[in-house]
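Here is the structure we will look at, set down as structure tokens.
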Amino acid sequence: MKNFLYLLCCALVVGMAYWAYTENYRTQATAKRVQKLQQAIASEREEISVLKAEWAYLNRPERLRELADLNFETLGLIPLSSQHFGDTNLVAFPPRPTNLEIVNEPISVQNSEGVE
Amino acid sequence: MKRTPLRPLASVISARSKGENPDRIEARERAKRNQAMMTRQRKRAENRLMIMGVAFFFAFGAIGARMGMLAATEPAEPNAIASTSQILNQRADIVDRNGTVLATNLTTQSLYAQPPLMIDPAKAAKDLIKIFPDLDEKRLTRDFTGGKRKFLWVKRKISPEQRQAVHDLGEPGLLFGPREMRLYPNGNLAAHILGGAGFGKEGVQAAEIVGVAGIEKYHDKLLRDPAMNGAPLQLSIDLTAQATTRRVLSGGMKIMGAKGASAVLMDVNTGEIVSMVSLPDFDPNDRPRPAVDGDPSDSPLFNRAAQGVYELGSTFKLFAAATHLEKGLATPDTLINTESPMRVGKFRIRDFHNYGKTLSLTDVIVKSSNVGTARMALEAGAGAQQQMLSDLGFFEPVDVELGSATQTRPILPKRWSDISTMTISYGHGIAATPLHLATAYASITNGGYRVKPTLIKQRGVAKDRPQVISEKTSAQLRYMLRQVVAKGTASLGEVEGYEVAGKTGTADKPKPSGGYYEDRVIATFATVFPASNPKYVLILSLDEPEIFVHGEKRRTAGWTAVPVAAELISRVAPVLDLRPAVAAIDQITYTSAGN
């Protein structure tokens, strides 16, 4: 009986040790992963800030104005003026949808355009 | 186990036959048995001691080894703590009222040298000059080969291309450190507002960015506060409006041959500065050094709108009218004596044109009669005038988020005599910044509530603003200002649909030696639009404008500042989403696309 208890205790110690070490290694691995991810986040953040700066630089009003002037022929953009305000009342509504025929029978959709 | 009996029969019998006492045999056997037991127990105890010894040895050995390891390793923080919110050790961005970036950070590299590590210092110096021609070769060679310097900065900021080029030199004594720099993507656009930033304390791995002027300096602590956690500082500036203002102002400045110009566009109700431009300006990415000689006000660093104290001329007449109306001394139709010239002591005050014997109060403002306002000011008294000007903030620096503005005191007469009262009524003998004027005009036209100018985006109108004048007086004054544009000195300022109201001011520039220049003026147009429900106040001033129109050289604000302001309003108001009054809608050609 006593020996059995000793054995049990030994097994328990071994088991606990195994569990503790596994947890420890898992924690370390996770910590390493977190660190790596944080580094990745930091570098992504840095990239975002660079892109943001670049976006702001490319969208600076001076450059946009020059581009608008250069592409005047295709875009026809002119500075916004009081003439450019509209009234929603003056915008035509899209035409009302005409009542479509109700079809209840199955119809063939194959080659419905009648081509090819 | 073999058991030996205590009284073995054989020994007992033989002892008895010899006549010996058999008890002695038992005693001997017992002693032998005890001896064996003791030997066994001793051995066991020794074993136990051995095991204990080994255990203690390992335990102490482990502790000793751990201590040794701890003592020998570099200290490191445990990294098991996964921080949930990352502290951003970075200067916060500055954005405009719509969130467009005005200032941000960019990581670059700095280049430093450690001469003791160098293989061929002389060659390294020579090669560096090829990459950075602006370096001093002699000094660099001396620093590298002198043997005294262990460390020196070569360049604070270098581009990735330059870094590669230095890398390709293969010199182990040339090293790089990461360096954060402040970037203003819009260049000159809001130069005076943003100010600029430089490096503070420097280390190899990082350098502190410190604001040196403008809002960067004023809010330096806030921008560096890690608790901001990446949230940007949002200004009241509208980038599009700012770009438009700068564009129109610089065009106007060229046409009018002015040497400088400034414009302040302020929300009349909240005091938010939507746009503030001072020309000439500079690039905050490459902030010039302050000029050591010459007039500091000619430097591009000088913010004319917030730092420049000027006599603002007839724009002050409105305050005389405000005092009169508010005190109940007159109504807009009361006739004012405008007989010119007016003699007081040995001084004579005269008008540009002779306007006859009397003008109504409205017409005094519309026609801009010096004599009329001077008489009004005398009638109301110096006390009332001072009260009005102090209520409008002319006695103190403007309390705005710019160090340069808060240090700029208006210039007041040392002794407030009757002559001062008279000249101040039409804007001479008192000098203030355009920002003062913007604040005062906003406060007068928004219904009489004193506004606090600010560069930070506000959430709606501040509560419990002190009231300077009544709503009724404010409306009457707006009507007068509107008449100035409709039929008075600022008729070129009419912008269809925006009911521009304003007052011109042309002040002779003072000579540094005393007295005034004959042919140099500061032309100012203080304007509010739309008059019926004011949204914005615009103060535009040109320094030494001159234009040849209708066979005459003209310098007055009506010919110089007003047309520029009109162009500015027609361009900037639509950008600020201000719809023109209904009259303009009839001429719609097409609607704006997009949002």
Using θ = phi - 60° and Karplus 6.51 cos²θ - 1.76 cosθ + 1.60, couplings along segment B:14-30 (whole Hz; Gly, Pro as x): 5, 5, 4, 5, 8, x, 8, 7, x, 4, 5, 4, 4, 4, 5, 4, 4
Proximal lysines relative to B:Lys150, as straight alpha-carbon distance under 22 Å, when same-chain residues fewer than 8 apart are discounted: B:Lys123, B:Lys126, B:Lys138, B:Lys201
Order of B:Leu568, B:Leu9 - criterion: other Cβ atoms within 10 Å of each residue's Cβ, fewest first: B:Leu9, B:Leu568
Calculated P(r) of segment A:2-68 - Cα pairs past 20 Å, %: 65
Relative contact order for chain B, counting Cα pairs under 8 Å that sit 6 or more residues apart, in percent: 13
Neighbour-count order for B:Thr433, B:Thr245, A:Thr27, fewest beta carbons within 10 angstrom listed first: A:Thr27, B:Thr245, B:Thr433
Estimated FRET transfer efficiency (A:Lys2, A:Ser43; beta-carbon r; R0 45 Å; 0.05): 0.15
Span from the segment B:329-395 Cα centroid across to the segment A:33-100 one, whole angstrom: 53
Qualifying lysines (Cα of each under 18 Å from Cα of B:Lys254; at least 8 residues distant if same chain): B:Lys553
Percent RCO, i.e. relative contact order, over segment B:449-515, from Cα pairs under 8 Å lying at least 6 residues apart: 23
Loop trypsin sites (Lys or Arg not before Pro), segment B:399-453 (other Cβ atoms within 10 Å of the site Cβ: 11 or fewer; DSSP): B:Lys414, B:Arg415
For B:Asn105, residues with placed amide H under 5 Å, excluding near neighbours: B:Leu183
Cα-centre dipole for chain A with unit charges at Cβ (Lys and Arg positive, Asp and Glu negative), debye to 20: 1340
Cβ-based exposure ranking for B:Phe282, B:Phe319, A:Phe93, B:Phe57, in which fewest neighbours within 10 Å come first: A:Phe93, B:Phe57, B:Phe282, B:Phe319
CD proxy at 222 nm, helix term only [per DSSP H run n ≥ 4: -39500 (n - 2.57); per residue of chain B; nearest 500]: -11500 deg cm²/dmol
Debye log10 I(q)/I(0) at q = 0.14, 0.16, 0.19 Å⁻¹ for segment B:94-234, Cα point scatterers: -0.74, -0.87, -1.04
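We did not get these values from a lab; they are worked out from the coordinates using the rules stated. All values reported here derive from a predicted model rather than from experimental measurement. Neighbour counts are summed over all protein chains in view; Cβ atoms, including those assigned to glycine, are modelled from backbone coordinates with ideal geometry.
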